Amino acid sequence: MARRDPRDKKRISYANNRRNAYAENDKSSRNAVRLNKRFPHRADRHRVQWILRDAVGAPADGAADEVEERLGRRRPKSWRKHPDLPLGDWAEIRLERRLELEPGSPANERRLARVRQSRRRRAGLRTLRTAEIATKGTVERNW
């Protein structure tokens, strides 16, 4: 495998590494993801259990069909985690916000220009997409 120079490593890092942009503690996500997956499945199991409780006993002429229809009436609940934001987007948003709060800061302008320049030279990793960010709204990704 060929060795990469530091600029390529940085570009790849900006594309592949992720940051939690959902305005919450990133460490709490370890537990929250498991819990958020668990609760909808548990609610589905309880719903099915309640419906099947009504079908206990001697089989009536249309009870089985009615129970089956009631089970299929509602779509099962689900939960999916939104992907975290690529490090390049996260760094660019942070620097832009810092410039809004402290206009005219030459150090922050240089940092933002450097991040944008390193992201402009694509590493051939991703296409243009939009990302949802809780703190800022919709942002275009340059990867």
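Every number here is computed from the coordinates shown, using simple stated rules; none is lab data. What you see is a predicted model, and the numbers here were worked out from it, not measured in a lab. As a convention, Cβ positions derive from the backbone with ideal geometry for all residues, glycine included, and neighbour counts pool all protein chains shown.
Would you mind ranking 22, 14 by Cβ crowding within 10 Å, fewest neighbours first?
Working: 22 17, 14 22.
Taking fewest neighbouring Cβ atoms as first place, the list is 22, 14.
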Selection of trypsin sites (Lys or Arg not before Pro), the range 21-57, meeting DSSP coil and at most 15 other Cβ within 10 Å:
27
Gained length - residue 120 relative to residue 50, 0.36 nm times residue gap less alpha-carbon distance
19.6 nm
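For a distance above 17 Å, tell me the whole-number percent of Cα pairs in the range 32-73 that qualify. Intermediate values should be presented prior to the final figure.
Values: 362 of 861 pairs.
The calculated P(r) of the range 32-73 puts 42 percent of pairs beyond 17 Å.
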